1. Name the residue, out of F139, F91, that is surrounded by fewer than 21 Cβ atoms within 10 Å (Cβ to Cβ), over 24 Å from N33 (Cα atoms) and not basic (K, R).
2. Of all helices (runs of 4 or more DSSP H) completely enclosed by segment 229-300, which ones contain at least 2 residues that are of a type in the set (G, A, S) and without any contact (Cβ under 8 Å) to a residue 40 or more places away in the chain?
3. Which of the residues that make up segment 47-76 are at negative phi and of a type in the set (S, T, Y)?
4. Being crowded, with 22+ Cβ neighbours inside 10 Å, out of contact with any strand residue (DSSP E or B) (no Cβ under 7 Å at 6 or more places or on another chain) and not basic (K, R), is that true of even one residue in segment 142-152?
5. When F166 is evaluated against the numbered criteria (1) part of a helix (DSSP H, G or I); (2) in contact with a strand residue (DSSP E or B) (Cβ under 9 Å, 6 or more places away or on another chain), which criterion, by number, is the only one it fails?
6. Find the residue count for segment 175-216, including only residues that are among the acidic types (D, E), closer than 30 Å to F122 by Cβ and more than 20 Å from the chain's Cα centre (by Cα).
7. Looking at segment 29-49, which of the residues that are outside any strand (DSSP E or B) and over 24 Å from the mean Cα position of the chain (by Cα) is surrounded by the most Cβ atoms within 10 Å (Cβ to Cβ)?
Amino acid sequence: MKILMTAANLFPPRGGAERSLFTLAERMSKDFNVTIIGPGNENFERKEEGYKIISIKKPFFFKLIKSYVKINIQNLWWKKVLEKFLKENKFDLLITQGILVPSCKGKGISIKKVIFIRGLTFYTQTDLDPLEFKGKDFFKLNFLMKVQYPLIKYFQKKGRESSKEFDLIISNSEFIRKVTNAYLGKDSEIIYPPINIKEYYVEKRKPEYILFVNPIISKGVDMMYNLAKSMPDKKFLVVGKPDIYSKKDYNRLKKLKNISFEGYILNMKNIYSKTKLLVCPVRWYEPFGRTPAEAMVNGIPSIVSDRGGLPEVVKNAGDIIKNRDNIDEWIKTIKKYDNQEYYNKKSQLCKEQVKKFSLENQYKKLKKILITLK
């Protein structure tokens, strides 16, 4: 079977969704003929880890337009790119995810299609519960998003319409499965984001930090500040950079002496080698929670908000904070891990829980599904 995979933000991979696609592609290439194609900053084509990757340079004027104007125009452009590519190259199956989904609909793209739904892209752009506040998120948007609201709704509508036409929908958690069913009226299979154990395992560790990844508002940078300020005896490590909306909160973090900082990290092994505990005080409804799953490889427990798919990932291998805004609950829970017996118990549960998300376990399920589409 010849499989074509396409998505945005692949060169280099921007986040967990993109890393998951590459992880699957590498494993799939042992059983299928796999090619990945996506928009990039330059044209190139090369073989990598058993599969082919092709980057198509984005038009120069893309640099002059922003946000949802750019996203909608990019989909029109990418649709033409895909139709031309599929006319010149024969494939049996197309797999996609994310913002390029609307571009995969058309007469020139008549092969069987699979969509991975790894987020809330076509459902909501706020940190409100997508099930409770379905279609009621306008007043929660910031000013810039409100200005773009017609473009956002157009993009989301196209995304949902396109998704319904796919031969198979795959969700990355039970939470996303429920949301997808509510918005699309269609059920989906669940394939968890695959974790390549070898890729994250560290032989020698010196755990000393409480880790927080991605210092932006939706990930809970405000609570991170409150925690670090309230617990001056604890050493915190913040990885990543703020977006334009989170710089004020990030600058507050920089003033605290018990926080160390790292920028964007592609290979997290060094970070996990010095991490004792992970905190995820997210505001938004996290679709899955790849970072807690990665941390589990090394027996690193996580304390997470009771939002989205995070409780599904962590379960009893960490702790779940019911009231995300209750700082006392966060502090009390962090202090539990000072007890070595408690820590060791949770650490061992992490190593058991992560097996559920291992690449081999998830790929077995995916392979069975793909074969039925042949």
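1. On the way: F91 fails: over 24 Å from N33 (Cα atoms).
Residue meeting the stated conditions: F139.
2. On the way: elements: 247-254, 269-273, 290-296.
In segment 229-300, there are no helices (runs of 4 or more DSSP H) which contain 2 or more residues that are of a type in the set (G, A, S) and without any contact (Cβ under 8 Å) to a residue 40 or more places away in the chain.
3. Step one: list which residues in segment 47-76 are at negative phi, which gives 47-48, 51-66, 68-76.
Those that are at negative phi and of a type in the set (S, T, Y): Y51, S55, Y68.
4. Restricting attention to segment 142-152, the residues satisfying the condition of being crowded, with 22+ Cβ neighbours inside 10 Å are none.
Scanning segment 142-152, I find no residue that is crowded, with 22+ Cβ neighbours inside 10 Å, out of contact with any strand residue (DSSP E or B) (no Cβ under 7 Å at 6 or more places or on another chain) and not basic (K, R), so the answer is no.
5. Only one criterion is unmet by F166, namely (1).
6. Taking segment 175-216 as the starting set, the residues that turn out to be among the acidic types (D, E) are 187, 189, 199, 203, 208.
This time we only want the ones that are closer than 30 Å to F122 by Cβ, so: 187, 189, 199.
So of that shortlist, the ones also more than 20 Å from the chain's Cα centre (by Cα) come out as 187.
Count: 1.
7. Taking segment 29-49 as the starting set, the residues that turn out to be outside any strand (DSSP E or B) are 29-32, 41-43, 49.
Going one step further and asking which of them are over 24 Å from the mean Cα position of the chain (by Cα), we end up with 30-32, 42-43.
Numbers: K30: 11, D31: 13, F32: 19, E42: 9, N43: 9.
Step by step, filter segment 29-49, then rank; the result is F32.
Conditions tested, residue by residue: (1) within 19 Å of P12 (Cα to Cα); (2) of a type in the set (A, V, I, L, M); (3) surrounded by 16 or more Cβ atoms within 10 Å (Cβ to Cβ); (4) assigned by TED's automatic domain parsing to the domain that holds F175.
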residue: I71; (1), (2), (3), (4): yes, yes, yes, yes
residue: N75; (1), (2), (3), (4): no, no, yes, yes
residue: C104; (1), (2), (3), (4): no, no, yes, yes
residue: R118; (1), (2), (3), (4): yes, no, yes, yes
residue: T126; (1), (2), (3), (4): no, no, yes, yes
residue: E132; (1), (2), (3), (4): no, no, no, yes
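The values are calculated or read from the model by the stated rules, or taken from the named source; none is laboratory data. Everything numeric here is computed off the predicted structure, so don't read it as measured data. All Cβ positions, even for glycine, are placed from backbone atoms using ideal geometry, and neighbour counts span all protein chains on display.
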